[in-house]
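Bear in mind these aren't lab numbers, they're just calculated from the coordinates by the rules spelled out. Since this is a predicted model, take the numbers as computed values, not measurements. For neighbour counting, all protein chains shown are included, and Cβ atoms are generated from backbone atoms with ideal geometry for every residue, glycine included.
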Amino acid sequence: MKRLEKIYEGKAKILYTTEDPNLIIQYFKDDATAFNGVKKGTIVDKGVVNNHISSVIYQFLEKNGIPTHFVERVSEREQLTKKLDIIPIELVVRNVVAGSLAKRMGRLEGEALKSPILEFYYKDDDLGDPMINEYHIREFGLATDDEMAVLKERGFKINDLLVGYFKERGIRLVDYKLEFGRNNGQILLGDEISPDGCRLWNIKTNEKMDKDRFRFDLGKVEETYQEVYHLICDR
Ligand code: TMP
Ligand code: ASP
C-alpha cells in the first residue's frame, strides 16, 4: 500500500492517506520535542527505532486481546494503520512516581505505587495538554461514559500486559501515555508505544532508557533508543 496525501503532521509523525479510505500510513520522524514543543531537536534514527518497537508491541497487545489500529509495518519508517477518529484524551498510566506526579505530590522519583494510577489530559497542543478529570470529559463531550469505561478497562489491561513484557526484557515500565480512537463503532488503541511516550528504567540500575535523556540532556540518547530497540526487537 502506497502513501498518497499528507493529512496531518505532528511533532513526531506524519499521517498519509492510502487508496483504502479506512487505512492510513504513519511515517515516523527523527524530530524530537519536549516540554510542549519548547525544546526541539533530532534523535538520529528515532523514527526507525520507534516504528519497529511500536509495531512489535502492538502485535503483542493484539495477540493478547487488545484491539489496536496497527495493521502492518510497511517500511523502516512507515506502518499501515486503521484510520481513527481520535478521542482527544491522553491517558497516562503510572506504576512508579516520576515526572509531573513527583512534582504535583511532592514525592521522590522511584517510589513504587501500590496500584497503577490513571490520569487524563486534554489533547490540545495550544493549551499544553492540561490535566482534566471525568467531569470535564463529560461536560465538554470529549468521550461518552461508555467510552470512558472502555478506556479505563483497556488502560489497566494494557498495563498488566506491558509491565510483564518489559520486565522480561530487563526494563521497569514507570509510566506512559496512550491514545485511543473510534473506528467502525469500535475503540482501538492508536498512536504509538515507544521510548518517546514512556518512562523506561533499567530494572537493575534504574538508568533512564527513554526520552528523559533528551528532555534533560542526559547524554547517550541515540545509544539508549538503540538499546531498547534491541531488547524488544531482537527476540
Ligand atoms: P509526565 O510525568 O510529564 O506527566 O509524563 C507522564 C508520561 O506520559 C511519561 O512517560 C511521558 C508521557 N508523556 C507523553 O508521551 N507526552 C506528553 O505530552 C506528556 C506530558 C507526557
Ligand atoms: N511530547 C511533548 C512535547 O513534544 C511533551 C514531552 O514529551 O515532554 O512537547
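In loop segments of the stretch 137-170 as defined by DSSP, there are no trypsin sites (Lys or Arg not before Pro) with at most 11 further C-beta atoms inside 10 Å of their C-beta.
Here the simple spin-label model places points 7 Å from the Cα toward Cβ, and for residue 44 and residue 85 these points are separated by 4.4 nm.
Stretching residue 2 away from residue 203 to a fully extended chain increases their span by 68.3 nm, per 0.36 nm per residue minus the current alpha-carbon distance. Across the stretch 132-172, the residues whose backbone nitrogen lies under 11 Å from the label position 7 Å along the beta-carbon direction of residue 118 are 134, 146-159. FRET efficiency for the pair residue 60 and residue 147, taken as 1/(1 + (r/R0)^6) with r the Cβ-Cβ distance and R0 = 22 Å, rounds to 0.35. On full extension, the segment bounded by residue 136 and residue 107 gains 7.8 nm, given 0.36 nm per residue less the C-alpha separation. Relative to one another, the C-alpha centroids of the stretch 192-235 and the stretch 70-93 are positioned 20 Å apart. Summing +1 for each Lys or Arg and -1 for each Asp or Glu among the other residues whose beta-carbon sits under 12 angstrom from that of residue 161 gives +1.
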